[in-house]
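The numbers here are math on the coordinates, done by the rules we state, and not lab data. If you're wondering where the values come from, they're calculated on a predicted model, not measured in any experiment. With ideal geometry, Cβ positions are generated from the backbone for all residues, glycine too; neighbour counts draw on all protein chains shown.
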Amino acid sequence: MTDQLTTPSGHRLGQVSWALFEWARNPYYILIMIYIFGPYFTNDVIGDPVLGQEIWGYITGFAGLITASLAPFLGAIADKVGRRKPWIAASVIMMIPAILLLWYAVPGQEMRGIVTVAIALAIAGTGFAFTEVFHNAMLPSIVPYNRLGSLSGLALSLGNGGTLIILVAMLYAFALPAQPIIDWGWLPDKVLFGLDVSSHEHDRIAAPISAVWLFVFSLPLFLFTPDQAGTGITARAAIRQGMADVWLTIRRLRDYRNVGLYLFARMLFNDGKVAIMTFGIIYASGVFDWGLAERLLLAVFLTIFAIVGGLVGGWLDDIVGSKKALLVTIGGNCVALFIAVSITPTTLLFIPVEGMDVPVWDFAFFRTLPEILYVLVSVLFALFITSAYANSRAMLARIAPEAEMTKFFGLYALSGQVTTFIAPLMVAFFTRFYGNQAGFGSVLILLIAGFVLMFWVKETRESY
């Protein structure tokens, strides 16, 4: 059978515009969920890093449950309708007002305000996951098979590149001028645009920046990337048939044994990766008392390596294949996570060491050896996690049935979200059990389990 999936229709501009959508959407996740808003919410809005980490876990878990419930059905419905871009547009429209609401998250809020922020985060996170389903599903129809990995890697590198621009700008305009201990002549004398540091406007500005960036840079995808033709099926029929197809696919996963095993393995190791991104900086912010300036400096540094990771991951994928590339990146994350949770201001590899909290240089930030070591371990996270994302979706594009690609990317999103609540709850439980934030190291269990299962996955597209 010949269709638009077996004969990619994307021209170069369309392919680059598809990749540029990661430039548009990634800043939301990196700024809001990882480096800026997440640690700000847990440390300042909630006021207790341990309790804040627990609440953050509930919020992300709730968004994960919504995505797990809806994503595969939406993917199957889109298979019936044919077009993907309208679904992406609807998800973006859903995200933008929810992101803008985060501007109103201020310290000392009553519970009603915290709940409002939590709902906004859940809506934005759900929309973000939906964009992933339909954006990923466009990949096989716009690029030849032998370039799946490289275009996937380019997209992730562009996403990190766009974020890098925002991070540097925020560092210059807001974070460093807010530090009274810094007297660097090239910096502004005060925080730009009149932002009020006392009410954390220099933290909260990340939300409107992310929303505007998403809107502006989503446009090339809608203008230049070719979409599949509509099938003419009515919305009601597409919903009915799509839902029936999902249930049939789930029941018949034994017939798609290789894809099913891969999705299950990814469900485990992806949860581990997401937990590292979600809690790694929250951990460091609480343990080392890092503020916005430290987080932004680290973000700029790590984003450079994340860009490299996307390109290297795509290159490695094209050279050795998706499976071997994934084994390298998952294994690397396991080692890096073990080292990371062993580092505190006074310990290394869980062993107390005298003098570890003594500054080793005169730079205003990251002055102690444990802080420097944590930064270096975070470099490994940036390299391996970005590479693994590129390899993961390229792997599915290589082994899933071509005619049902969007449905399987719906299941791919399901495998990435269905247990999202487990990792945060594990972190919350072990954090409370041990009485410190190193409880997020418990997600090592998920990483190891996914790594082991990948050995049984075959990198072949079978006939179904």
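What to note about this one:
- Based on Cα contacts under 8 Å between residues 6+ apart, region 76-231 shows a relative contact order of 38 percent.
- Expected-Rg normalisation [2.2 N^0.38 Å, Cα atoms] applied to region 240-354: 1.45
- Only Cα pairs under 8 Å and 6+ residues apart enter the sum, and on that basis the relative contact order of region 12-456 stands at 30 percent.
- The fewest-to-most ranking of Met356, Met170, Met454, Met243 by surrounding Cβ atoms within 10 Å reads Met243, Met356, Met454, Met170.
- Shape of region 80-208, Cα gyration tensor, a/c cut at 1.5: oblate
- Within straight-line reach of Lys80, meaning a Cα separation under 17 Å, sit the following lysines at least 8 residues removed in sequence or on another chain: Lys407.
- Phi angles across region 110-125 convert, under the Karplus curve 6.51 cos²θ - 1.76 cosθ + 1.60 with θ = phi - 60°, into 3J(HN,Hα) values of 6, 4, 4, x, 5, 5, 4, 4, 4, 5, 4, 5, 5, 5, 4, x Hz, Gly and Pro given as x.
- Residues Phe363 and Ile119, FRET efficiency given R0 of 56 Å [Cβ-Cβ distance, rounded to 0.05]: 0.90
- Gyration tensor (alpha-carbon) shape descriptor, region 12-456, a/c threshold 1.5: prolate
- Likely footprinting exposure, Arg393, Arg257, Arg25, fewest C-beta neighbours within 10 Å first: Arg257, Arg393, Arg25
- Within the same chain, lysines fewer than 8 places from Lys324 are excluded, and of the rest, those with a Cα less than 18 Å from its Cα are Lys273, Lys458.
- Residues in region 365-379 carry Karplus couplings, in order, of 10, 6, 8, 9, 4, x, 5, 5, 5, 5, 4, 5, 5, 5, 4 Hz; the curve used is 6.51 cos²θ - 1.76 cosθ + 1.60 with θ = phi - 60°, and Gly or Pro positions show x.
- Partner aspartates and glutamates whose Cα lies under 20 Å from the Cα of Lys323, excluding those fewer than 8 positions away in the same chain, are identified as Asp271, Glu402, Glu459, Glu462.
- The phi-based Karplus calculation (6.51 cos²θ - 1.76 cosθ + 1.60; θ = phi - 60°) puts the 3J(HN,Hα) values of region 164-172 at 4, 4, 5, 4, 5, 4, 5, 4, 6 Hz, whole numbers, x for Gly and Pro.
- Additional length obtainable on full extension of the chain from Arg432 to His11, 0.36 nm per residue less Cα span: 146.3 nm
- Counting neighbouring Cβ atoms within 10 Å and putting the fewest first, the residues Glu110, Glu201 line up as Glu110, Glu201.
- Förster radius 25 Å - calculated FRET efficiency between Leu348 and Val50, Cβ distance, rounded to 0.05: 0.65
- The chain, helix-only ellipticity at 222 nm - DSSP H runs n ≥ 4, -39,500 (n - 2.57), divided by all residues, nearest 500: -23000 deg cm²/dmol
- Contact order relative to length of region 280-394, as percent, for alpha carbon pairs under 8 angstrom and 6 or more apart: 38
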